[in-house]
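So the structure is just underneath, and the comments pick up after that.
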Amino acid sequence: MSLQIQMIGTGSAFSKKYYNNNALVTYNGFVLLIDCGATAPRALHELNIQIDSIDGLLITHIHADHVGGLEEFAFRFKYGYKKKMKLFVPSRVLESLWNHSLRGGLENKAEGFTSLHDYFEVVPLEEGSPSEISPGFIIETIRSEHIPDKPSYSVLLNNHVFYSADTQFNPTLLTNLYDRHRCKYILHDCQFSSPGFVHASLEELLTLPRHIQSSVFLMHYDDTMEQYIGKTGDMTFIEQHKCYEFE
Ligand SMILES: [Zn+2]
Ligand SMILES: [Zn+2]
């Protein structure tokens with residue numbers, strides 16, 4: 001059975017043309033949204049996807065293009081659908097997700113809502129430890145270097161699709177994934193200007209061996225993306241809203 005991935009957005013944090021880089025991943029009937037940025041509710045609305053058709057959310061780190069839509073999800077599930085959605089979060093991100101990101105809007109002491117658990121069914125994830133989130137659907141979080149001292153994670157889906165989320169270039173990891181795990185698809189964030197600092201730059205990604213490049217789909221890109229079509233070696237841009245099957 002193949003994994004289906006539909007990017008509800010493919011834009012960089014400041015893109016105005018593309019929605020935030022968030023992915024809807026479906027396997028064996030289970031629908032997982034990887035990251036829920038500020039533009040996620042609107043992107044889903046445009047795609048005519050009801051948020052209660054999503055079975056779980058996975059958060060990679062607490063930048064607004066990855067968590068900015070969570071407050072709306074929390075309120076709509078609590079007061080609209082009156083149920084808790086599964087929220088998969090790397091354990092090292094949990095505390096800051098509440099205290100540094102969501103608490104301002106969601107804390108309501110009068111009602112007794114004082115933690116993430118009052119809104120979501122929280123499932124902590126340990127790095128390097130695969131979790132079967134539904135029958136046959138296995139996710140593994142891999143620590144990535146994005147911003148110093150801010151925990152950020154990439155995700156390995158069913159052992160064959162690597163999803164970088166936001167990370168600096170790490171050719172050793174990509175080569176290992178490809179060679180040892182036979183990871184067949186690499187969805188990677190890509191910044192056009194160099195050096196990348198907090199993201200992999202296109203120039204850096206172009207140093208990957210060509211056989212690995214041919215497995216790479218570029219995402220999290222700026223509004224100038226079209227100028228780079230044909231200039232990405234053997235790598236291709238993933239398009240937002242299009243459905244892809246990864247066998
Ligand atoms: Zn981002
Ligand atoms: Zn980020």
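The values are calculated or read from the model by the stated rules, or taken from the named source; none is laboratory data. Remember, predicted model here, so these are calculated numbers, not experimental data. Cβ sites come from the backbone with ideal geometry, for glycine too, and all protein chains shown count toward neighbours. In case anyone asks, the SASA skips ligands and DNA or RNA and just uses the protein heavy atoms, side chains included. Shrake-Rupley method; radii C 1.70, N 1.55, O 1.52, S 1.80 Å.
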TODO: With springs connecting C-alpha atoms under 10 Å apart, model the chain as a Gaussian network and identify which of S96, S164, S194 has the largest mean-square fluctuation.
DONE: S194
Task: Placed amide H near E121: partners under 5 Å, 5+ positions off or other chain - done: M85, K86, L87
Task: Accessible surface of the stretch 94-233, 1.4 Å probe, proportion on carbon and sulfur as whole % - done: 48 percent
TODO: Give the ranking of C183, C243 by solvent-accessible surface, highest area first, calculated with a 1.4 Å probe.
DONE: C243, C183
Task: Amide H contacts under 5 Å for L187, placed H, 5+ residues apart - done: F162, Y163, S164, F217
- [ ] Determine ³J(HN,Hα), in whole Hz, for all residues of the stretch 53-65 in sequence, where each value follows from phi through the Karplus function 6.51 cos²θ - 1.76 cosθ + 1.60 and θ = phi - 60°; x replaces Gly and Pro.
- [x] 8, 8, 8, x, 10, 10, 10, 9, 5, 9, 5, 4, 6
Open item on the list: Under 10 Å, Cα contacts only: if you run a Gaussian network model on the chain, which one of L97, L47, L24 comes out with the highest mean-square fluctuation?
Closed with: L47
Open item on the list: Cut-off under 30 Å on the C-alpha distance; same-chain residues fewer than 8 positions from K184 excluded. Which lysines are left, in chain and number order?
Closed with: K17, K86, K150, K231, K242
- [ ] Taking trypsin sites (Lys or Arg not before Pro) as candidate sites, keep only those in a DSSP loop with at most 14 other Cβ atoms within 10 Å, then name the longest stretch of the chain containing none of them.
- [x] 110-181
Task: Which of T224, L202, C243, positive extreme of dipole for the stretch 195-247 (C-beta unit charges) - done: L202
Task: 1.4 Å probe accessible area per residue over the chain, in Å² - done: 45 Å²
